[in-house]
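Read the structure below first, then the notes.
The values are calculated or read from the model by the stated rules, or taken from the named source; none is laboratory data. Small disclaimer: the values here were computed from a predicted structure and weren't measured. So basically every Cβ, Gly included, is an ideal-geometry build from the backbone, and we count neighbours across all protein chains shown. Only protein heavy atoms, including side chains, enter the accessible area calculation; ligands, DNA and RNA are left aside. Shrake-Rupley method; radii C 1.70, N 1.55, O 1.52, S 1.80 Å.
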Amino acid sequence: DAGVTQSPTHLIKTRGQQVTLRCSPKSGHDTVSWYQQALGQGPQFIFQYYEEEERQRGNFPDRFSGHQFPNYSSELNVNALLLGDSALYLCASSPLGGHEYFGPGTRLTVT
Amino acid sequence: AQSVTQLGSHVSVSEGALVLLRCNYSSSVPPYLFWYVQYPNQGLQLLLKYTSAATLVKGINGFEAEFKKSETSFHLTKPSAHMSDAAEYFCAVTPLGGDTPLVFGKGTRLSVIA
């Protein structure tokens, strides 16, 4: 079992650009959540996807959007990047209502 | 709203000494509580979780935590620190049933001195 995988590992973008991060859930999991972890902070919940729909959302602007595919994999999109969007983005998968398993994260740097 | 407070952003212990990482929560209902560990450049790994069963929870790598409702605490302990325990530790909470997002504390960095 490969566990939760994320790509890319690192990337650097410029302010105003758009970025897409990808996540493949652990085998057997149908729910994917995304978290943002700024430097020196705990992870903050962005949103959760189940059955290809956004099921719950945290306090993040509409610039943050996502998608879940029929194979349960997911994408996180961020438009009009700001310097403050620099962070580690963590994907977590679970059975609905079950314990979340985290991936290794994608380190995004906005310059 | 639920929140988690981790006392001490950095804790340093000697190898073989007791590890105590503090976590207090606020919740209007009995919560589920979690401790995660994060090694450098890695994601989060679950150490242990409290889900309203036994108040003393044993986890991986010799860690345990005790849920104390009267103190709204869920402190993490390990009798004897090992060099490999050096990492960032996060306490998290979610309402009973676990069907809401995790709310994390800011984390405590544990250093182990030889």
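Highest mean packing first, where packing is the average number of other Cβ atoms within 10 Å per residue, the peptides A:8-21, B:41-54, A:37-50 line up as A:37-50, B:41-54, A:8-21.
For A:101-109, what's the mean count of beta carbons from other chains sitting within 10 Å of each residue's beta carbon? Don't skip to the answer; put the middle values down first.
On the way: counts 4, 8, 3, 4, 5, 0, 1, 0, 0.
Averaged over the peptide's residues, the number is 3.
In a simple Cβ point-charge model (Lys, Arg +1; Asp, Glu -1; nothing else charged), chain B has a dipole of about 120 debye relative to its Cα centre.
When the P(r) is computed for chain A, the part past 22 Å accounts for 24% of the Cα-Cα pairs. The distance linking region B:42-72 with region A:44-92 is 28 Å (Cα centroid to Cα centroid, whole angstrom).
Residues whose amide H falls under 5 Å from that of A:Gly66, counting only those 5 or more places apart or on a different chain, are A:Asn77, with hydrogens built in the peptide plane. Taking 17 Å as the straight-line reach from the Cα of A:Lys26, the aspartates and glutamates in range (excluding those fewer than 8 positions away in the same chain) are A:Asp1, A:Glu51, A:Glu52, A:Glu75, A:Glu100. Considering only alpha-carbon pairs that sit under 8 angstrom and 6 or more positions apart, the relative contact order computed for region B:17-114 is 33 percent. Counting Cβ atoms of other protein chains within 10 Å of each Cβ in A:37-47 and taking the mean gives 5. Buried accessible surface for the B/A chain pair comes to about 1400 Å², total over both chains, computed with a 1.4 Å probe. Here chain A is assigned +1 on the Cβ of each Lys and Arg and -1 on the Cβ of each Asp and Glu. Its dipole about the Cα centre then comes out at about 460 debye.
Taking 21 Å as the straight-line reach from the Cα of B:Lys78, the lysines in range (excluding those fewer than 8 positions away in the same chain) are B:Lys49, B:Lys58, B:Lys68, B:Lys69, B:Lys106.
Would you tell me the mean number of C-beta atoms belonging to other protein chains that fall within 10 Å of each C-beta in B:41-47, as a whole number? Write out the running numbers ahead of the final one.
Values: counts 6, 4, 15, 12, 2, 4, 0.
What the average comes to for B:41-47 is 6.
Karplus-based coupling profile of region B:16-25, in residue order and whole Hz: x, 7, 5, 9, 9, 10, 9, 9, 10, 10, with θ = phi - 60° in 6.51 cos²θ - 1.76 cosθ + 1.60 and x standing for Gly or Pro.
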